[in-house]
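Quick notes on the structure that follows.
The values are calculated or read from the model by the stated rules, or taken from the named source; none is laboratory data. The structure presented is a predicted model; accordingly, all values stated were derived computationally and were not measured. Reconstructed Cβ throughout: ideal geometry from the backbone, glycine too, with neighbour counts over all protein chains shown. Side chains are part of the model used for accessible areas, which takes the heavy atoms of the whole protein and leaves out ligands, DNA and RNA. Shrake-Rupley method; radii C 1.70, N 1.55, O 1.52, S 1.80 Å.
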Amino acid sequence: MTDTTPKNVTAYLAELENELDGVAPEVRNDIVAGVREELLGLDAAAAHARISELGDPAFIAAEARTEAGTGMDEASVERESAPGRASSIAAVVVLVAGSIVVPFVGAIVGLVWVSSARAWTRREKATAWFAPIVIAVLVFALSLLLASLQTTGSHVAVLVGYLVFPIEGVVLAVRARHRGWRVCA
Amino acid sequence: MTVDVGAQLRKGVVEYCVLGLLEGEPMYGWQLSERLVQAGMIASIGTLYPILSRLRTQGLATAYDEASAAGPVRKYYRLTPAGTTRLEAFRLQWGPFTATVHRLVGEDDS
C-alpha cells in the first residue's frame, strides 16, 4: 500500500519528534499523536496551512518543556493551598465532639477555635455564632408554647438545642472540605 | 527588567480554563488548542499537552479515542467527576479572589 501522506506532513512530524527530544515520553507522544491526527488526511496545501497555524516545531517543543517544568503535582497544590488545614479540622472536631462530651462549654471552645481557623469566611463564622442563638430562642419559645398547652414534649424541644452544635460542625466541615480546606479568611 | 504580568496570571488559571472548556463538551487536542490560543491563554499546542497530562495524572480529566465519520481517529478529553468538583471549587474562589485583588489594586485613574 502506498503512503499518500504529503511530504511536508512527514517532514514536519519528523522535525517535531526531533525537537521534542528530552521532553517526558508521555507528553512527547501525546503532542506528536495530537498533531499527527490533525494533519493526516489533509492534502499538501491544506496541510501547509495547518502547519503554519501550528507553528515552528522548535517553539512547540520549547513551550512543552517550559510548561512541563512549571506544573505542580497534586500534593504540592494541597500543601500550598491549605495552610492551617489541620487546625481547621481540629476546630470542627472540637465543635462536634466537645458539644456532646461537655455541653455548652465544649461548643463555645469549638466556636472560638472555628473563629480563629482560616477555612471559613467571616460570614460563615458569624453564622456559626448567631445560628445557635436564634435556634435557642425558637426552642425556648416552642417549649413555652408546649408547656402552656400542657403537651408533653417540651424536654424533646430542649434536646434539639443540643444537636445544633454537632450539626453546625458537620455543615462547616462539609463546606470547608468542598473547598479543599483552602484559606477563606 | 520587564515582567510579563499576563504570562504569570495565565499560568495560574490556564488549567482551570481547560477544565471549563471540557465541562461544555469532550474536546480533542487541536480543538482545545485553537480555543485557548485564540483566547490568548496559551502560545501553542506545546503548552497544552503537558497541562492535559497533568490533569489526567490528577484524575481531573480522562481521554478516549473516537473515530470521526470523515476524519481520523481522535483522542478526546473529557472531565471526570473530580474535575467537575475541582472546577466548582475554583469558581467559588475566583469571584472573591478577583474582587479582593480589585480592591487592593484599585482602578487606573490616569
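Quick one: would you say A:GLU26 is among the charged types (D, E, K, R), in contact with a strand residue (DSSP E or B) (Cβ under 8 Å, 6 or more places away or on another chain) and either surrounded by 14 or more Cβ atoms within 10 Å (Cβ to Cβ) or modelled with pLDDT under 90 (or both)? So A:GLU26 does not fit the description; no. In the condition set (1) open to solvent by 60 Å² or more (accessible area, probe 1.4 Å); (2) part of a helix (DSSP H, G or I); (3) within 11 Å of chain A (Cβ to nearest Cβ), B:HIS102 is compliant with all but (3). Inside the range A:7-28, residues that are basic (Lys, Arg) and within 11 Å of chain B (Cβ to nearest Cβ) make up a count of 1. Per the conditions (1) more than 9 Å from chain A (Cβ to nearest Cβ); (2) in a strand (DSSP E or B), the sole criterion not satisfied by B:ALA82 is (2). A residue that is acidic (Asp, Glu) and surrounded by 10 or more Cβ atoms within 10 Å (Cβ to Cβ) occurs somewhere in the range B:17-26.
Contact map, the range B:82-102: residues that are among the acidic types (Asp, Glu) paired with residues that are outside any helix (DSSP H, G or I) and surrounded by 11 or more Cβ atoms within 10 Å (Cβ to Cβ), Cβ distance under 9 Å, separation 6+ or inter-chain. No pairs are found.
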